[in-house]
Amino acid sequence: KIRIICENEVDKEINEILGNAEEGIVKGDDTLLLTPHQAAGLFTPRRLELLHHIAKNPHINVSEIAEVLHRDWKSVLRDLKYLEGFGLVELVKEGRHRMVDIVSTEQVMAFT
């Protein structure tokens, strides 16, 4: 789950997480806190276009995505690896192809 919060709320959120941990309260979700500036870097228009296309065309290979979106496959792969690092997509090598799927269908919650 990705939560986008105002920069002035980051300290409050982190202190709450740390306070809960000290009390032995551990939330079961994996939440990534991002400021609006960080979220803008993650969710560029090109990366949002990739996510949208993959959601509509699951288990598609990188070359097909690049062709449909009129992008260089190296740029597509770089963006996909970046998104994979945040746990949003999964790249799997099948033979000569790299297939990509959306990892989670959870909604992105935005707080600004």
In region 34-107, what percent of the accessible surface is made up of carbon and sulfur (1.4 Å probe, ligands and nucleic acids excluded)?
52 percent
Return the long-range amide H neighbours of Arg98 (sequence gap of 5 or more, or a different chain), with a cut-off of under 5 Å between placed amide H atoms.
Val62, Ser63
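The values are calculated or read from the model by the stated rules, or taken from the named source; none is laboratory data. The shown structure was predicted, so the numbers you read here are calculated from the model rather than taken from an experiment. Please note that ligands, DNA and RNA were not included when accessible areas were found on the heavy atoms of the full protein model with its side chains. Shrake-Rupley method; radii C 1.70, N 1.55, O 1.52, S 1.80 Å.
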